[in-house]
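K.L.:
This is the structure I have questions about; it appears just below.
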C-alpha cells in the first residue's frame with residue numbers, strides 16, 4: 001500500500017522525467033496501417049465542370065442626373081460641434097436632439113433655456129460652460 005502511494009508521489013514530483021514505459025514507447029516505431037475504405041461511405045465525387053464568369057456589363061448611362069447635395073451645401077447639414085471644448089460625441093447627440101445642429105443654432109441659443117433643455121435631456125453642463133460654448137460658436141460661425 002505504501003509503495004503505491006510512494007510511487008504516485010514520485011510520479012507527481014518528477015513529472016517532467018520520462019518513465020520507463022514512456023521510454024519504451026518512444027523507442028518503438030509506431031506501426032503504420034493502411035486505411036481501408038468503409039463500405040457505408042459514398043463513392044468520391046467527380047469534379048464538376050466550372051463555368052466561366054459572365055462579363056461585367058457597364059450600367060446604362062442616364063441622360064441627366066440630379067445634382068447631389070454635399071453636406072456642406074445641404075440646408076440641414078449639421079456642424080461638428082465636438083471641436084468646441086467641453087462638447088463630446090454624447091453631448092453633441094443631446095444638443096442635436098434638442099435642435100442645436102449648427103454653430104449658428106448654438107450662437108443664437110439662450111443660455112438659460114439651453115441649460116434647462118439639457119437638464120431635461122439628462123445632460124450635465126454648467127451655466128458658465130454653456131456660455132463658453134455660445135461664445136466659441138459665435139467665433140466659429142462663417143462671417144463671425
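The values are calculated or read from the model by the stated rules, or taken from the named source; none is laboratory data. In this text, all values refer to a predicted model and were calculated from it rather than measured experimentally. Backbone-built Cβ (ideal geometry, glycine too); neighbour counts: all protein chains shown.
K.L.:
In the set 78, 66, 49, which member is modelled with pLDDT of 65 or more, loosely packed, with under 10 Cβ neighbours inside 10 Å and over 18 Å from residue 132 (Cα atoms)?
P.N.:
Just one listed residue meets the conditions, 49.
K.L.:
Also, I was wondering about something else. For segment 76-129, how many residues are under 16 Å from residue 140 (Cα atoms) and over 29 Å from the mean Cα position of the chain (by Cα)?
P.N.:
Qualifying residue count, segment 76-129: 7.
K.L.:
Based on this model, can you work out whether residue 42 counts as modelled with pLDDT under 65 and out of contact with any strand residue (DSSP E or B) (no Cβ under 8 Å at 6 or more places or on another chain)?
P.N.:
Against the criterion (modelled with pLDDT under 65 and out of contact with any strand residue (DSSP E or B) (no Cβ under 8 Å at 6 or more places or on another chain)), residue 42 does not qualify.
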